[in-house]
Each structure stands twice: as C-alpha cells, then as structure tokens.
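A.B. asks: Take this structure, written in structure tokens, and hold onto it; I'll ask about it next.
The values are calculated or read from the model by the stated rules, or taken from the named source; none is laboratory data. Since the structure is predicted, the reported quantities are computational estimates derived from the model, not experimental observations. Every residue, glycine among them, receives a Cβ derived from its backbone with ideal geometry; neighbour counts consider all protein chains shown.
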Amino acid sequence: MSSPSTTAPEPLFFYVGPEWYKGREPRFYDVSTLPWVKLLEESYPALRDEIEAVFAADAESFPANFTPYAYSEAGWRTVNLYSYFLRYPAACARFPTVDRVVRQIPGMCLAQIAVLEPHTRIKAHRGDCSALIRTHLGIRVPAGLPELGIRVGREERGWEEGRCFAIQIAHRHYAWNRTDQRRLVLVVDVIRPEYFDARYAIAGKALAAIAMKWCATKLPVLKKLPRPATRAVHAVLGAAFRVRLWVQRRLGL
C-alpha cells in the first residue's frame, strides 16, 4: 500500500483510446493517509441501514452498470448519486444519509452503490481518469478471498464490512463473486489533492471520455477515428461538460 504521490503531478490519463496507464500511482493506497476514510467508517452503521433498506425494498431498481463496447455484465449493478460532480437528484433523495455523508468530503466527485450478484466476474477494465482515488466501503460482504475480491494489477484484496480500501482505477482491475450471496459496497471517488484546483476541468474531460465510449458502443465505426480527431472531439466535449457543471453549481442543483 502507498500514499498518493507527493511529487510533481504526472500527465493525466483519460481512457479515450487503446493506451494503457503507465503512471507511478499505486494500485492500492494506504487508507490511513486519506482523511475521508474515518468519516466513512464511522458512518458505516447509518450508511449500511439505509442502503440495505432501499435495496430490500426495491432491488430491481438497481440497473446494470454501463460497460462500453460489446461487453455486458448483468451481474454488476449500480446506482449513482454523483458522477464526476454531476448530481442525480432522484438518487440522492433515495439515499439521503449517503448524500449527507459524502457531501462532507472535499473533492468528492462520485458516490455510487454497487452490487455484485452471486457467481459474477467483472471483466478486467480500467477507469476513465487517473486524477482520483476510488474508495470502497464494504456494506454487505458474504465472504473474503478467494471467493470474493478485487484484483488491481497483480494485487488482490477482499472487502470487509465497515472497512475501506482505496485504489487507483486507471490501473487494469477486475472483481469477482463466487458465493451464493450478493455483495454491496459504497464507492466514493475523491479528486487527488494535487488536482483539486483543476477538478471541474478534469471532470469535464472524464465525462467526455465516458460519452465518447457510449457513442462508440452505439456506433462502433467511431472507434476507428484517427487519433487527432479523437483528441479534438474529447476536447470539445470536455469543454461542454465543464459548462454543464458550471450551470449546475450556479443553479445550486
């Protein structure tokens, strides 16, 4: 485990093409260096009770997580309250305790309830951006390794109820659940401190990367765009999403 890098910021990675992340950030972070972990773990009983209650009342309302291109994983289901600072009011209203807690975290840009169904293996993938730290808080964890876990690079970790671990999602990673029960976690992304002042520009570019993958999933020919065209589209969409985030802040949405 390592702390976030304290040296000069490296070039940011955005998942908009076939390139792999080659930066120096660790696979797993030392959570003792992350100030928001204490808040999440201390809030665990209230977070658990709310998440479990909503899930028990309407489990089928948790949609399949978006996965790009030809891959689909019905056993991976998520509800987003925030995604790169975009707020989803209906989801926040369903989870007011989660919303209240995560909004106390400076730089929080994503909050998500993630379900891994029994006998599900999520295909190896990489995240949209290297400028954040992804924290998992175990909510319902029916087993440990090797039956249930996540692998980032060559390192594996199991979840624990009420405890956090944190990863760099730009590294290739995957998860699995070989048990007969569901796994539930609260996922919270926080912008790394060295990028805090540029957080909305970074979020705009990350949202643009997601939008480009969504479009290429619908129209696979877009995957064959020349690299200069891909970069240009990414820049234009990033600026548009940055305006969208500014409007959200101005209107207090």
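A.B. asks: Using beta carbons and a limit of 9 Å, which pairs, at least six apart or on different chains, have the first residue in the range 11-37 and over 14 Å from ALA131 (Cβ atoms) and the second one in a loop (DSSP other than H, G, I, E, B) and of a type in the set (Val, Ile, Thr)?
C.D. replies: PRO35/ILE105; TRP36/ILE105
A.B. asks: Return the pair list, or none, for Cβ contacts closer than 9 Å from residues in the range 167-187 that are outside the structural domain of GLY127 (by TED's automatic domain parsing) to residues that are hydrophobic (A, V, I, L, M, F, W, C), at least 6 apart or on different chains.
C.D. replies: Listed pairs, sorted by first residue: none to list.
A.B. asks: Taking the stated definitions as given, is PHE62 aromatic (Phe, Trp, Tyr) and at pLDDT 95 or above?
C.D. replies: no
A.B. asks: Oh, and also: Considering only residues that are assigned to a strand (DSSP E or B) and not polar (S, T, N, Q), look in the range 76-103 and name the one that is nearest to PRO63 (Cα to Cα).
C.D. replies: Checked the range 76-103; the qualifying residue nearest to PRO63 (Cα to Cα) is ARG77.
A.B. asks: Condition test on ARG24, is it at negative phi and either modelled with pLDDT under 95 or in a loop (DSSP other than H, G, I, E, B) (or both)?
C.D. replies: Considered against the rule, which asks whether it is at negative phi and either modelled with pLDDT under 95 or in a loop (DSSP other than H, G, I, E, B) (or both), ARG24 comes out as yes.
A.B. asks: Only one residue in VAL152, VAL98 is under 22 Å from ALA206 (Cα atoms), surrounded by 15 or more Cβ atoms within 10 Å (Cβ to Cβ), modelled with pLDDT of 95 or more and assigned by TED's automatic domain parsing to the domain that holds THR33. Which one?
C.D. replies: VAL152
A.B. asks: Being loosely packed, with under 13 Cβ neighbours inside 10 Å, part of a helix (DSSP H, G or I) and not β-branched (Val, Ile, Thr) is the filter; apply it to the range 215-234 and report the residue that is nearest to the chain's Cα centre (by Cα).
C.D. replies: So the residue we want is LYS218.
A.B. asks: Next question. Give the range 38-60 a look and list any residue that's closer than 27 Å to ALA131 by Cβ and either outside any helix (DSSP H, G or I) or outside the structural domain of TYR174 (by TED's automatic domain parsing) (or both), or say none.
C.D. replies: SER43
A.B. asks: All but one of (1) touching a residue at least 24 places away in the same chain (Cβ under 8 Å); (2) surrounded by fewer than 22 Cβ atoms within 10 Å (Cβ to Cβ) hold for ARG103; which doesn't?
C.D. replies: Only one criterion is unmet by ARG103, namely (1).
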